[in-house]
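A.B. asks: Here it is, the structure in full.
Bear in mind that the values in this text are calculations on the coordinates, not laboratory data. Computed from a predicted structure; not experimentally measured. Glycine also receives a Cβ, built like all others from the backbone with ideal geometry; neighbour counts cover every protein chain displayed.
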Amino acid sequence: MTSDIPPAALPANVRDRYEYLLRWLSEDRAEALERLWQAADETRCRFVGAEPQAWAAIKISSHCQEECGFCGLRADSNNLARYRLSRPEILAAAKTAAAAGSRKIVLQAGRDPDLDAEKVSDLIRAVREESGLPVALSLGERTEAELAAWRKAGAESYFLRFITANTTLYRFLHAQDCDDPRRRLPLLEAMRQMEYQIGSGILVGFPGQSLASLADDLEMICKLDLDVILIGPYIWPVEPNEECMPVRPRDPNSAPAVLKALALARQLCPQADIPSLAALASVSYTDIHAEALRRGANVLLADATPSPQQTLNRCYPGRRPLDIQDLPGLISSRSPGSVPSCTCRADSAGTSCPENPNPALPPAEKQIAISICMGSSCFSRGNNHTVRLVRDFIASRSLENRVTIDGHLCQGQCKNGPNILIDGQLHQQANPAAIIEYLQQQLKAKE
């Protein structure tokens, strides 16, 4: 029976979305989940392309002054060999990552007091110069002054998970006297005002988490309108903080639960970058990343931390990172036409994959080129509706040989969005009706 299988398409009505998330999170039948995997893969291909990106993380320090109960690097962890990479080591790792094909460098650490505003600003400038790549930071909760200094120094992105939208569970995962977990949300908003690309997300499968709270977490991901979505499994630490986490859960985390959350996040936020994180392999098998790329992920995150520090970074047990030296082979084996190649096909509404817009049409010179900003701000402020209406307009009038439509990432014009390019001309604060009218005028003028 297939009538009881949840619909793969995201409901248009926001009120129906919560029930949609709950139904899929509770679904375990393989034949049903194939529908979700297919939908997530189609969405990935259509909005962020079939070819995966490659990023490189450099874990520059294992020192942290926080007491998060779930993290192996917390301040009171015993029997842990701490390290801090030197500036030359960091620059050498960045150069290696660039040569291996990485498109972004992520400088990662806990809340290390040694990593002050001046030192990190210098590292940002040096890494950008050495590698020629954009720099993202994941350095824990920081002051707005530090974040502003690092943005000014050239950091493009900042990653800070909110972990869970449930304040009770958040306190459970941290020390008992932790502040209100909602403090991270205004910090994320402050970063957005600084024009960072924002990365945040959740852990899946920690003690006390229900399907309802996980659905709430996914709703929060959607509400935050993230540029990068970070979803990984909760992994019980070697030395848990017994005060806030006294009882080990009966049921360990499973990769399928993470993959379902990842696929649903792709449906909720089609334009976001979603990495397949190293922790996923720690609760499954090494090639789980290939599956993640068929279930909505579009980024492989390799570890460029040099040895022996890579093995010393024990933020969770059983860590099995993707090594930077393996990145060229991973990229080639996961490019279009191989392991995670796009599986989407043109649908009855006339929408189609940008990698294969309409193979039945003969090649012809296009007269009008439309490029719609798929950045998180423009997409949520109207371009999500505009792209569907423009595609319907093209299909209903058989204009495929006269008009091309594709998407592009944020170009820094968010304040005047939503933004659309037509034949290279920027249209700001664009609304669907005005765009369709302008398109009709241009078509008539070119007849």
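A.B. asks: Cβ neighbours within 10 Å, averaged per peptide: list 201-208, 225-232 in order, most packed at the top. Don't jump to the answer; show the numbers that get you there.
C.D. replies: Details: 201-208: 22.4, 225-232: 24.4.
Top to bottom by mean Cβ count within 10 Å: 225-232, 201-208.
A.B. asks: Mind checking the full-extension length gain between Arg103 and Arg125? Use 0.36 nm per residue of separation minus the Cα-Cα distance, one decimal, nm.
C.D. replies: Stretched fully, the Arg103-Arg125 segment lengthens by 6.3 nm.
A.B. asks: Still on this structure: Would you kindly give the portion of the calculated P(r) for the range 368-445 that falls above 15 Å, as a percent of all Cα pairs?
C.D. replies: On the way: 1455 of 3003 pairs.
That fraction is 48 percent.
A.B. asks: So how far, in whole Å, is the C-alpha centre of the range 154-173 from the one of the range 186-235?
C.D. replies: Here the two parts' Cα centres lie 6 Å apart.
A.B. asks: Moving on to the next point. For each pair in Lys223/Lys415; Lys95/Lys152; Lys223/Lys260; Lys95/Lys260; Lys95/Lys119, compute the distance between the two Cα atoms and list the pairs where it is over 27 Å.
C.D. replies: Working: Lys223/Lys415 18 Å; Lys95/Lys152 22 Å; Lys223/Lys260 19 Å; Lys95/Lys260 35 Å; Lys95/Lys119 19 Å.
Over 27 Å apart, Cα to Cα: Lys95/Lys260.
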